[in-house]
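The values are calculated or read from the model by the stated rules, or taken from the named source; none is laboratory data. Model, not experiment: these values are computed from the prediction. Here the Cβ is made from the backbone with ideal geometry for all residues, glycine too, and neighbour counts use every protein chain on show. SASA here: full protein model, heavy atoms, side chains in, ligands and nucleic acids out. Shrake-Rupley method; radii C 1.70, N 1.55, O 1.52, S 1.80 Å.
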Amino acid sequence: MTVAIDRATGKRRGDRAPRPGLGQRLKHSYQKHWYAYAMITPVIVVLGVLVLYPLAYGFYLTLTDANSLNTARTIGVNEIEATYKFIGLDNYADILWGETAYDRFWSHFIWTIVWTAACVALHYIIGLGLALLLNQQQLRGRTLYRLILILPWAVPTFVTVFGWRFMLADGGVINSFLETLQLPTPQWLEDTFWQRFAAIMVNTWCGVPFMMLSLLGGLQSIDTALYEAAEMDGASKWQQFRYVTLPGLRSVSSTVVLLGIIWTFNQFAIIFLLFGDTAPDAQILVTWAYYLGFGQQPRDFAQSAAYGMLLLAILIVFTSFYRRWLNRNDQQLTI
């Protein structure tokens with residue numbers, strides 16, 4: 001076997017050049033893409049200040065016993081130094097396995113799961129039904145109907161929730177209407193069951209328009225030739241919906257359902273504006289974490305931050321499994 005050798009360098013021809021070091025690669029990348037780095041630097045700085053630093057500091061607080069009595073504060077001209085101490089993972093252990101773990105965490109966790117599942121299911125079912133109606137070509141006044149149905153989403157959330165709060169009051173429009181029909185008048189804002197029912201109802205009202213618009217866009221992207229071919233093959237309306245519409249909406253549905261789960265799981269405004277801190281059994285995890293940190297005395301910053309970390313961990317784990325499940329189903333469909 002002969003090996004060609006370059007006389008100038010003394011190296012064998014065909015040998016790979018040695019890989020440059022990390023510093024050289026970074027320098028070369030900066031020289032080549034300096035403009036891109038300059039464009040994303042402000043974004044990185046803003047994310048670091050508004051997201052990464054609070055997240056890191058919040059995690060640090062979870063490892064302490066910080067509250068409003070032992071943190072640094074200023075009273076008049078007196079500056080009081082922080083006296084809280086490092087306690088490791090005791091906050092997490094207390095939340096998950098402590099003596100009052102069920103009342104303070106697990107009961108709210110179960111209700112948060114029920115709340116999220118019920119709201120997202122209603123959002124999708126009602127939104128899909130309205131999208132199918134608005135997608136009908138023979139429907140007159142579709143533009144007007146779209147404007148009317150999108151109003152709950154366009155109106156600011158606090159205006160919508162306060163409106164519902166007035167209607168759900170004991171002397172509100174809803175109970176007055178039920179009285180005229182000689183029907184029972186629930187205590188929407190006092191009884192635990194009806195508080196939870198009212199919360200799901202109000203969140204459904206606020207969330208359906210987004211789901212409807214997203215699914216309507218997905219419906220309009222489906223090739224009409226598929227429906228014509230299915231109709232020529234004798235497929236019924238249900239079969240067209242099952243084998244053409246739902247598969248055509250798969251990518252849109254997977255995205256909006258994931259977003260709906262994340263948003264609903266962390267939905268703070270509706271529960272807080274509807275009940276404040278007067279409905280402890282109707283509080284989901286995010287509003288309960290706010291109550292611990294800002295709605296009681298002394299304010300428990302460490303426990304509140306620990307709830308936030310647990311919420312983040314739950315959503316990360318769920319999103320990971322959700323995406324894997326979708327990818328597995330996509331692979332099965334392509335086989």
Select from segment 216-226 the residues that are free of Cβ contacts under 8 Å to residues at least 60 places away in the same chain, part of a helix (DSSP H, G or I) and either open to solvent by 60 Å² or more (accessible area, probe 1.4 Å) or touching a strand residue (DSSP E or B) at 6+ places or on another chain (Cβ under 7 Å) (or both) and list them in ascending order. 224, 226
Residue 139: exposed (fewer than 11 other Cβ atoms within 10 Å of the Cβ), modelled with pLDDT under 95 and not charged (D, E, K, R), yes or no? yes
Among the candidates 232, 211, which residue alone is under 23 Å from the mean Cα position of the chain (by Cα) and among the hydrophobic types (A, V, I, L, M, F, W, C)? 211
Test: residue 220 is within 30 Å of residue 136 (Cα to Cα), more than 32 Å from the chain's Cα centre (by Cα) and not aliphatic (A, V, I, L, M): no
Looking only at segment 70-113, which residues are under 33 Å from the mean Cα position of the chain (by Cα), of a type in the set (A, V, I, L, M, F, W, C) and open to solvent by 80 Å² or more (accessible area, probe 1.4 Å)? 86, 89, 97, 106, 110
Take the conditions touching a helix residue (DSSP H, G or I) at 6+ places or on another chain (Cβ under 6 Å) and in a helix (DSSP H, G or I) and apply them to residue 201. Does it pass? no
When you scan segment 314-331, do you find a residue that is crowded, with 17+ Cβ neighbours inside 10 Å and among the small types (Gly, Ala, Ser), even just one? no
Tell me, which residue of segment 183-204 that is of a type in the set (A, V, I, L, M) and within 16 Å of residue 265 (Cβ to Cβ) is least open to solvent (accessible area, probe 1.4 Å)? 199
Which numbered condition trips up residue 239, out of (1) free of Cβ contacts under 8 Å to residues at least 40 places away in the same chain; (2) surrounded by 19 or more Cβ atoms within 10 Å (Cβ to Cβ)? (2)
Please enumerate the residues belonging to segment 67-95 that are over 14 Å from residue 304 (Cβ atoms) and among the aromatic types (Phe, Trp, Tyr). 86
Do we have any residue at all in segment 62-72 that's out of contact with any Gly (no Cβ under 6 Å at 6 or more places or on another chain), among the small types (Gly, Ala, Ser), touching a residue at least 24 places away in the same chain (Cβ under 8 Å) and under 24 Å from residue 290 (Cβ atoms)? yes
Of (1) under 18 Å from residue 315 (Cβ atoms); (2) touching a residue at least 12 places away in the same chain (Cβ under 8 Å); (3) open to solvent by 50 Å² or more (accessible area, probe 1.4 Å), residue 259 satisfies every one except (2)
